[in-house]
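Asks: Before we start, here is the structure in question, set down as structure tokens.
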Amino acid sequence: MPDIEHSSLAIHQRELDAHFREESPFWGAIYEREGIVETIYQERLRLTLAMADGLCLPPSTRVLDVGCGAGLATVGLARRALTVDAIDPVRAMTQATRKRVAAACVETRVAVQEGDVHALPFSDDTFALVVALGVLPWLPKIEPPLREMTRVLHPGGYLIAAIDTYWQLRQLFDPLRNPLLHGPRRLAGPFLRRRLVPRRGVRPQVTRLREFKRELVAQGLELQSGYTVGFGPFTFFNRPILPASAGLRLNNWLQSMANAGTPALSSGGSQFLVLAKKPNAAEPKGSCDSSQLDRRLQPCPRSTLRATQP
Ligand SMILES: C[S@@+](CC[C@H](N)C(=O)[O-])C[C@H]1O[C@@H](n2cnc3c(N)ncnc32)[C@H](O)[C@@H]1O
């Protein structure tokens, strides 16, 4: 990597680490509280573990949780008798994960360490499954982390990763968030924009779904299934348009329709979760023709998803 790129990545990562150091209590609490945002993260975790269940990995299979945060997915995977490595660059996060792992009595199956997805401290072909929830949106580019996660997967292994999506149904109704109104918002002037959409510190980036799929395929991965997650909060000029309980009900209803495969909602959530496979050399290679991607990127079977609890 050229020096200049390397140093801007290091600066970005330092800011990111400071952000998540401060936010570390939030990333445990959000899985225990009620609310729309909380429900969305809980659903993302539930779908992830349901996807992992669907793989039917044998006990003791080695899996990796990248950007483990407070360790919710780590513990969920360890409770499935998998052997889990968990990494995160922020010490407050690895400490929170260790605590959660100890409380769940799964220490014998989990190894936690500080680490960065851009340089994973593992050999090639180590894991049967790599999970990265909420990590890619915070990084400057998705290609280097995807390449690195693919490297540590063994042939026939799987990646479960989430992005924040460019087209989100909830944004269409809010002039401050609708991507189609980006031009008029720029014309509104920096003063107005600063007041209406305050921007401070590092922020997550959105990715077009098409670009995400293309990048996965470029890494040699085969797309297996995908899930859209998160339809609320519902806002107009950044203010809630529904009382909290009605907003939550609407989010949950839209989510259940999306989980059931309703085509109009299949990519309308604020996040997208994919399951992709690193092909096995012995298997016939799946086609990487982009016209086939949408057909292949179908939701997991409903029965698997409903049955699973974190
Ligand atoms: C939004 S939080 C999600 C945490 C957890 N995966 C979850 O879903 O609850 C993002 C996590 O990614 C971690 N992270 C940030 N930069 C990273 C990097 N370069 N490599 C690995 N993890 C990173 C952060 O420290 C943070 O814990």
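The values are calculated or read from the model by the stated rules, or taken from the named source; none is laboratory data. These numbers come from a predicted model, not from an experiment. As a convention, Cβ positions derive from the backbone with ideal geometry for all residues, glycine included, and neighbour counts pool all protein chains shown. Keep in mind that these areas ignore ligands, DNA and RNA; they rest on the heavy atoms of the full protein, side chains included. Shrake-Rupley method; radii C 1.70, N 1.55, O 1.52, S 1.80 Å.
Asks: Tally Lys and Arg at +1 and Asp and Glu at -1 over the other residues with C-beta under 10 Å from the C-beta of PHE122: what net charge comes out? Write down the numbers at each step before the final one.
Replies: Values: positive: ARG62, ARG151; negative: ASP85, ASP124, ASP125, GLU148.
Spelling it out: positives minus negatives among the neighbours equals -2.
Asks: On to the next question. Which shape class, rounded, prolate or oblate, goes with the range 82-170 when its Cα gyration tensor gives a ≥ b ≥ c as root eigenvalues, a/c under 1.5 marks rounded, and past that a/b bigger than b/c marks prolate?
Replies: Working: a/c = 1.75, a/b = 1.28, b/c = 1.37.
It is oblate, given that a/c is not under 1.5 and a/b is not larger than b/c.
Asks: If you stretched the chain out fully between ALA260 and ARG208, how much longer would it get, using 0.36 nm times the residue separation minus the C-alpha to C-alpha distance?
Replies: Numbers: separation 52, 0.36 × 52 = 18.72 nm, distance 2.28 nm.
Between ALA260 and ARG208, full extension yields an extra 16.4 nm.
Asks: Further question on the same structure: Please give the length that would be gained between ALA244 and HIS6 if that part of the chain were fully extended, namely 0.36 nm times their separation in residues minus their C-alpha to C-alpha distance (nm, one decimal). Kindly include the intermediate steps, with their values, before the conclusion.
Replies: Numbers: separation 238, 0.36 × 238 = 85.68 nm, distance 4.36 nm.
The ALA244-HIS6 span can extend by a further 81.3 nm.
Asks: Next up: When all protein chains stay in place, what accessible area (Å², nearest 10, 1.4 Å probe) is found for MET257?
Replies: Here the accessible area works out near 60 Å².
Asks: Cβ under 15 Å from ARG249's Cβ, ARG249 left aside: what net charge do those residues give with Lys, Arg +1 and Asp, Glu -1? The partial results should precede the final answer.
Replies: Details: positive: ARG170; negative: GLU34, GLU38, GLU43.
Residues near ARG249 contribute -2 overall.
Asks: Can you work out the PRE-style zone for ARG91? Point 7 Å along Cα to Cβ, and I want the residues of the range 116-146 with backbone N under 20 Å.
Replies: Residues 116-117, 121 qualify, since their backbone N sits under 20 Å from the label point.
Asks: Can you give me the Cα centroid spacing of the range 40-64 and the range 213-271 in angstrom?
Replies: The range 40-64 and the range 213-271 have Cα centres separated by 19 Å.
Asks: Please list TYR166, TYR227 from largest to smallest accessible area, probe radius 1.4 Å, with all protein chains kept in place. Mind showing how you got there, number by number?
Replies: On the way: TYR166 60, TYR227 5 Å².
Most to least solvent-accessible, the answer reads TYR166, TYR227.
Asks: Also, quick follow-up: What figure, in Å² to the nearest 10, do you get for the accessible area of TRP253 with a 1.4 Å probe and non-protein molecules left out?
Replies: The accessible area of TRP253 comes to roughly 140 Å².
Asks: Another one. For SER24, SER245, what's the largest-to-smallest order of accessible area, 1.4 Å probe? Write down the numbers at each step before the final one.
Replies: On the way: SER24 20, SER245 70 Å².
Putting SER24, SER245 in descending order of accessible area: SER245, SER24.
Asks: Using the Cα gyration tensor of the range 201-261, with a ≥ b ≥ c the square roots of its eigenvalues, what is the shape: rounded (a/c below 1.5), prolate (a/b larger than b/c) or oblate (neither)?
Replies: Working: a/c = 4.12, a/b = 1.65, b/c = 2.50.
The shape class here is oblate.
Asks: Here is a further query. According to the square roots a ≥ b ≥ c of the eigenvalues of the Cα gyration tensor, what is the shape class of the range 1-125, taking rounded for a/c under 1.5, prolate for a/b larger than b/c otherwise, and oblate for the remainder? Walk me through the intermediate numbers first.
Replies: Values: a/c = 1.79, a/b = 1.27, b/c = 1.41.
Judged from the Cα gyration tensor, the range 1-125 comes out oblate (a/c at least 1.5, b/c at or above a/b).
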